[in-house]
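No lab work stands behind these numbers, since they all come straight from the coordinates. Just so it is clear, the structure is predicted and the values come from calculations on it, not from any experiment. Counting neighbours? That spans all protein chains shown, and the Cβs are built from the backbone with ideal geometry, glycine included.
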Amino acid sequence: MEDLKQLVKDTVEKNKVAVFMKGTPDMPQCGFSARVAGILEDLDVKFASVNIYDDHPNILNNLREVYGWPTSPQVFIDGELIGGCDITMEMYESGELQKKLGVKA
């Protein structure tokens with residue numbers, strides 16, 4: 001359990017953008033994860049991803065415990081939890097995500 005908490009902490013702290021998702025960016029296993037990966041790919045943003053199903057099946061419980069966010073995907077930018085798919089999409093559509101990531105709209 002502590003190993004998973006450390007993995008979460010390391011992933012969030014060592015990557016500008018980290019996404020804990022169902023599946024992988026190439027093979028998302030839910031529509032929400034696919035949308036988030038698609039947005040980041042559309043913006044040409046490199047991001048670390050952790051497959052909460054295959055890589056670490058108990059990691060979602062750790063994410064909920066540490067960050068208090070109940071669903072996946074969970075998107076982190078510069079160590080800060082941004083939220084899930086809906087919030088990421090809203091930020092993308094408003095241009096706020098692009099500003100936060102330092103990319104052009």
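Side notes on the structure shown:
- Cα-based Lys proximity count in the chain, under 27 Å, for pairs eight or more positions apart or on separate chains: 24
- Here the chain has an Rg and Dmax of 12.7, 40 Å, counting Cα atoms alone.
- Taking the longest Cα principal axis of the chain as reference, the axis of helix 85-94 is set at about 20 degrees.
- Assigned charges on the beta-carbon of Lys, Arg, Asp, Glu; the chain dipole about Cα centre (debye): 120
- Theoretical ellipticity at 222 nm over the chain - DSSP helices of four or more residues, -39500 (n - 2.57) apiece, nearest 500: -14000 deg cm²/dmol
- Relative to the longest principal axis of the Cα atoms of the chain, the long axis of helix 2-14 lies at roughly 20 degrees.
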